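Report on the structure given below.
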């Protein structure tokens, strides 16, 4: 069974590109375009990984991580923030909140893919 990856990104072109690359590499991407739809995707089967944007309609990626970490069934799901917020203080805040990795979205397609495979 393919690993399920929740892609939480409000910008459709970015979300579609990420999902395309995941599918091409044998993963099962599940899409969420805002905070509420991301929360609604937190059900069985649980995602194996969450790729998360910081800025979302209806809430922030930081709020989503806090929600995720409060729940016993979801607190151990790894989260990689994939966001345009590339300042060091943003990275530190994301990691301190509970993200497992933080990749600024000024990335090259292959570099984020290599990072997410770790």
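The values are calculated or read from the model by the stated rules, or taken from the named source; none is laboratory data. All values reported here derive from a predicted model rather than from experimental measurement. Here Cβ is always computed from backbone atoms with ideal geometry, including for glycine, and neighbour counts include all displayed protein chains.
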Query - Pair list, Cβ under 7 Å, 6 or more apart: region 12-30 residue touching a residue at least 24 places away in the same chain (Cβ under 8 Å), other residue surrounded by fewer than 19 Cβ atoms within 10 Å (Cβ to Cβ) and in a helix (DSSP H, G or I) - result: 21/109; 21/113; 29/23
Requested in this report: Please specify each residue of region 40-75 satisfying the condition of being farther than 16 Å from residue 97 by Cβ and in contact with a strand residue (DSSP E or B) (Cβ under 9 Å, 6 or more places away or on another chain).
Outcome: 40, 41, 42, 45, 46, 47, 48, 49
Query - Considering residues of region 25-81 that are in a loop (DSSP other than H, G, I, E, B) and touching a helix residue (DSSP H, G or I) at 6+ places or on another chain (Cβ under 6 Å) only, the residue surrounded by the fewest Cβ atoms within 10 Å (Cβ to Cβ) - result: 75
Query raised in the report: What's the number of the condition residue 2 fails, among (1) assigned to a helix (DSSP H, G or I); (2) over 17 Å from residue 104 (Cβ atoms); (3) modelled with pLDDT under 95?
Result: (1)
